[in-house]
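Below: one structure, written as structure tokens.
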Amino acid sequence: MKPSPISPTVDFDRDGVQHGFLKLPYSRDAAAWGAVMIPVTVVRNGSGPTALLTGANHGDEYEGAVALRKLTDTLTPEQVRGRVIIVPFLNFPAFRAGTRTSPIDKGNLNRSFPGKPDGTVTEKIADYIQRHLLPLADYVLDIHSGGKTLDFLPFAAIHVLDDKAQEARCQMAMDAFGAPYSMHMLELDSVGMFDTAAEEAGKVFVSTELGGGGTATARSIAIAERGVRDFLIHCGICQGEASQRQSIKLDMPDGDCYVASTHDGLLEMCVDLGDPVNTGDVVGRVYDVTRTGSAPVEYRAARGGILAARHFPGLISVGDTLAVIADVVG
Ligand SMILES: [Zn+2]
């Protein structure tokens with residue numbers, strides 16, 4: 001395979017703190033010999049495990065971006081044994097545009113793995129992560145939230161994996177992150193995900209969904225910051241006493257968890273995030289906005305549980321996920 005066009009301006013094997021870039025040449029109208037400069041920080045102190053911490057894999061998700069951008073200012077080599085690689089804005093073009101996907105090529109980074117060294121800008125970023133960053137890492141934390149179109153209960157998540165020993169290691173790292181909710185997910189759309197790439201490479205991988213709506217709150221940022229700290233303690237990279245936080249365990253075992261809209265229209269949510277839902281309950285109604293005097297379409301829960309995610313905007317389209325109902329398992 002061709003070499004990656006991305007070159008780091010940091011030396012991942014050097015002790016100390018380095019702030020630099022992953023430099024991806026990108027010739028365009030505004031800069032003939034320009035480049036996409038993805039900020040990266042490396043904090044290393046001797047041998048030990050490596051944690052790769054990433055935010056803004058989707059460009060409109062901000063908890064990871066804020067928590068990790070702050071961490072690049074505060075983490076010192078004295079606090080570290082081993083190495084922490086921090087990329088707060090992973091899909092940098094998307095992050096700068098405030099959009100889920102890249103404005104350059106419409107690439108969804110989390111559906112672009114393993115990427116291509118000679119592909120689109122987004123595929124080149126994925127390829128660099130796949131072949132150059134992932135092999136450095138023992139632990140990977142990829143901080144997501146709902147973006148502009150979804151809102152989530154704050155949870156950390158792991159996937160059901162074939163390798164149960166690896167799944168157990170991921171579970172322990174998720175427990176250490178200590179979000180208010182912890183989700184065991186059966187992924188329905190796993191092809192091309194960073195998650196899948198990291199899991200298939202045998203890494204301890206934890207992702208999150210910490211909120212949404214295209215912004216972050218003081219509360220959701222605090223969850224991310226505490227979670228990152230305790231994740232690094234769990235990795236054996238940072239010292240300290242991990243907080244003991246209660247996390248409600250959730251499960252999304254099958255496709256019945258998802259309620260999808262088959263109509264365009266005006267959305268009336270009938271339950272809020274965290275509310276209990278029984279099988280058959282109306283979770284939302286969609287109104288035809290081209291006329292008055294017609295009954296709304298009711299969307300009912302195919303299973304019981306709690307509302308874990310919802311469509312965020314007031315208008316909804318055919319095919320949009322309206323609600324996600326998760327099982328409370330502990
Ligand atoms: Zn995301």
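The values are calculated or read from the model by the stated rules, or taken from the named source; none is laboratory data. Note that the structure is predicted; figures quoted are calculated from it, not measured. For neighbour counting, all protein chains shown are included, and Cβ atoms are generated from backbone atoms with ideal geometry for every residue, glycine included.
Restricting attention to region 310-327, the residues being within 15 Å of Val282 (Cα to Cα) and aliphatic (A, V, I, L, M) number 4. When Leu186 is tested against (1) surrounded by 20 or more Cβ atoms within 10 Å (Cβ to Cβ); (2) of a type outside the set (S, T, N, Q); (3) at pLDDT below 95, exactly one condition is not met: (1).
Rundown of residues vs (1) part of a strand (DSSP E or B); (2) surrounded by 20 or more Cβ atoms within 10 Å (Cβ to Cβ); (3) in the same structural domain as Ala94 (by the TED database); (4) not hydroxyl-bearing (Ser, Thr, Tyr), yes/no style:
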{"residue": "Ser220", "(1), (2), (3), (4)": "no, yes, yes, no"}
{"residue": "Gly236", "(1), (2), (3), (4)": "no, no, yes, yes"}
{"residue": "Gln246", "(1), (2), (3), (4)": "no, no, yes, yes"}
{"residue": "Ala302", "(1), (2), (3), (4)": "no, no, no, yes"}
{"residue": "Arg310", "(1), (2), (3), (4)": "yes, yes, no, yes"}
{"residue": "Val324", "(1), (2), (3), (4)": "yes, yes, no, yes"}
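Scanning region 51-88 for residues being within 14 Å of the ligand (Cβ to nearest atom) and either surrounded by fewer than 21 Cβ atoms within 10 Å (Cβ to Cβ) or small (Gly, Ala, Ser) (or both) gives a total of 5. Within region 265-300, being under 30 Å from Ser247 (Cβ atoms) and in a loop (DSSP other than H, G, I, E, B) holds for Cys270, Val271, Asp272, Leu273, Gly274, Asp275, Asn278, Thr279, Gly280, Asp281.
Checking each residue in region 89-115 for being crowded, with 22+ Cβ neighbours inside 10 Å and either away from the ligand (no atom under 16 Å from the Cβ) or of a type in the set (Gly, Ala, Ser) (or both) picks out Ala94, Ser102, Gly107, Ser112, Gly115.
When the residues of region 159-170 are narrowed to those that are in contact with a strand residue (DSSP E or B) (Cβ under 6 Å, 6 or more places away or on another chain) and closer than 20 Å to Ala326 by Cα, which ends up nearest to the ligand (Cβ to nearest atom)? Going through the qualifying residues, I end up with His159. Counting only strands (runs of 3 or more DSSP E) that sit completely within region 12-78, those holding 2 or more residues that are of a type in the set (Val, Ile, Thr), in the same structural domain as Arg226 (by the TED database) and modelled with pLDDT of 95 or more correspond to 35-45, 50-55.
Within region 116-126, if we keep just the residues that are in a helix (DSSP H, G or I) and not small (Gly, Ala, Ser), the residue that is surrounded by the fewest Cβ atoms within 10 Å (Cβ to Cβ) turns out to be Glu123. With respect to the conditions (1) under 18 Å from the mean Cα position of the chain (by Cα); (2) touching a residue at least 60 places away in the same chain (Cβ under 8 Å); (3) more than 20 Å from Val43 (Cα to Cα), Leu232 falls short on a single one, namely (3).
One line per residue, one yes/no per condition, for (1) modelled with pLDDT of 95 or more; (2) in contact with a Ser or Thr (Cβ under 8 Å, 6 or more places away or on another chain); (3) under 30 Å from Ala302 (Cα atoms):
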site: Gly213; (1), (2), (3): yes, no, yes
site: Ile223; (1), (2), (3): yes, no, no
site: Val228; (1), (2), (3): yes, no, no
site: His234; (1), (2), (3): yes, no, no
site: Cys238; (1), (2), (3): yes, no, no
site: Ser243; (1), (2), (3): no, no, no
site: Ile248; (1), (2), (3): yes, yes, yes
site: Met252; (1), (2), (3): no, no, yes
site: Cys257; (1), (2), (3): no, no, yes
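Among the residues of region 127-169, those that are β-branched (Val, Ile, Thr) and either without any contact (Cβ under 8 Å) to a residue 12 or more places away in the chain or surrounded by fewer than 21 Cβ atoms within 10 Å (Cβ to Cβ) (or both) comprise Thr149, Val160. Against the test of being of a type outside the set (A, V, I, L, M), touching a helix residue (DSSP H, G or I) at 6+ places or on another chain (Cβ under 9 Å) and closer than 22 Å to Val228 by Cα, the options Pro103, Pro114, Pro88 yield a single qualifying residue, Pro88. Selection of region 188-204 for residues being more than 16 Å from Ser145 (Cα to Cα), of a type outside the set (S, T, N, Q) and either assigned to a loop (DSSP other than H, G, I, E, B) or more than 16 Å from the ligand (Cβ to nearest atom) (or both) yields Leu188, Asp189, Val191, Gly192, Glu199, Glu200, Ala201, Gly202, Lys203, Val204. Among the residues here, Ser207 qualifies as touching a helix residue (DSSP H, G or I) at 6+ places or on another chain (Cβ under 7 Å), in a strand (DSSP E or B) and on the phi < 0 side of the Ramachandran plot.
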